[in-house]
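Report on the following structure.
The values are calculated or read from the model by the stated rules, or taken from the named source; none is laboratory data. Just so it is clear, the structure is predicted and the values come from calculations on it, not from any experiment. Cβ: placed from backbone, ideal geometry, glycine included. Neighbour counts: every protein chain shown. Note: areas computed on protein heavy atoms with side chains; ligands, DNA, RNA excluded. Shrake-Rupley method; radii C 1.70, N 1.55, O 1.52, S 1.80 Å.
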Amino acid sequence: MKKWLLYLLTGFAVVAASFFLSACNDEKNARVEVRLTDAPGDYEEVNIDIQGVQIHSNGGNQSNGWMSLNVEPGVYSLLELTNGLDTLLGTIELPAGKISQIRLVLGDNNTLKVDGVTKDLSTPSAQQSGLKLNLHANLQEGITYKILLDFDVARSIVSKGSGAYSLKPVIRAVSEATSGAIKGTVSIPESTPAVYAISGIDTLGTSFADATGKFLIKGLEAGNYTVSFAPSTGYVIVDKTDVVVTVGNVTDLGIVAVE
């Protein structure tokens, strides 16, 4: 979206949007994506029935405890997710702070194929109610994180004899930041500016200053940006150029002067 199109958001529209967004951002959040990948095993197919994913958050006062991702339940073919491939299970907005565990809820439609024959994978009821994985990470507001669930097929399937198999998942959970952010505070909150992070001629992120003048532009790729402002009539804010964004960090512009 080009800069000049976004500058149409002035006057009442900007004020209304600023009020709405600041009301929604009382609790500062990070975005978390959970993805599934697999270490290969000596089977023709391994199909896992995933019914839900939950993360234990120790962030904001209103969001402590287990929180569920918006996951599409279904059967996932693990052997299609090898050699660096992964698939998105779901996303969630979590308050900045600590996360300690992730829970994978399995269904009972788990199967594998050996010598052209599809066989059931028996799954203990405790795993169906929620397989807990330790995951200790700190989330910063405005940053996007990826949690990769690395499913080790070779170690997760146990032969019970007589051609029967059981599923005892061995999964490694790894988290990493995938974006950066820009924040700051305008010196006159009444200017109610819209704020844009611009790379070249394209606007890659937008935000609005809240009632105290603070703004946060989330989910930015690493690179150099121009931060531009569209304040209400009667105010001028000079663009900030060569603003550097790095993955996993929030670049703080400090106090932005309003003329």
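Just a few scattered comments:
- Potential lengthening between Lys214 and Thr91 on full extension [0.36 nm per residue; Cα-Cα distance subtracted]: 41.7 nm
- In this structure the stretch 171-259 gives 46 Å² per residue of accessible area when probed at 1.4 Å with all protein chains present.
- Length-normalised contact order for the stretch 215-259 - Cα pairs under 8 Å, 6+ apart - percent: 38
- Charge-dipole axis of the stretch 166-225 as Lys and Arg at +1 and Asp and Glu at -1 on Cβ define it, positive-most pick from Leu216, Pro193, Ser166: Ser166
- Helical contribution to [θ] at 222 nm, DSSP H n ≥ 4, -39,500 (n - 2.57), averaged over the chain, rounded to 500: -2500 deg cm²/dmol
- In terms of its alpha-carbon gyration tensor, the stretch 196-259 comes out prolate; a/c meets the 1.5 threshold, and the first ratio a/b outweighs b/c.
- Between Ser122 and Asn249, the C-beta separation translates, for a Förster distance of 51 Å, into a calculated FRET efficiency of about 0.65.
- Label corresponding to Cα Rg over 2.2 N^0.38 Å when calculated from the structure given, among (i) 1.27; (ii) 0.96; (iii) 1.16: (i)
- Summary value for the chain: 20 percent relative contact order, contacts being C-alpha pairs under 8 angstrom separated by 6+ residues.
- Only the Cβ atoms of Lys and Arg (+1) and of Asp and Glu (-1) were treated as charged; on that basis the dipole of the stretch 171-259 about its Cα centre amounts to roughly 260 debye.
- Taking 0.36 nm per residue of separation and subtracting the current Cα-Cα distance, fully stretching the chain between Ser159 and Asn224 would add 18.0 nm.
- Taking every protein chain into account, the accessible area of the stretch 86-160 amounts to 45 square angstrom per residue (probe 1.4 Å).
- For the chain, with all protein chains in place and a probe radius of 1.4 Å, 50% of the accessible heavy-atom surface sits on carbon or sulfur.
- Choice from Ile157, Ile171, Ile201 with maximal GNM fluctuation in the chain (Cα, 10 Å cutoff): Ile201
- Pair-distance distribution P(r) for the stretch 93-162, from all Cα-Cα distances in 5 Å bins starting at 0: 3, 11, 18, 20, 14, 11, 9, 7, 4, 2, 0 percent.
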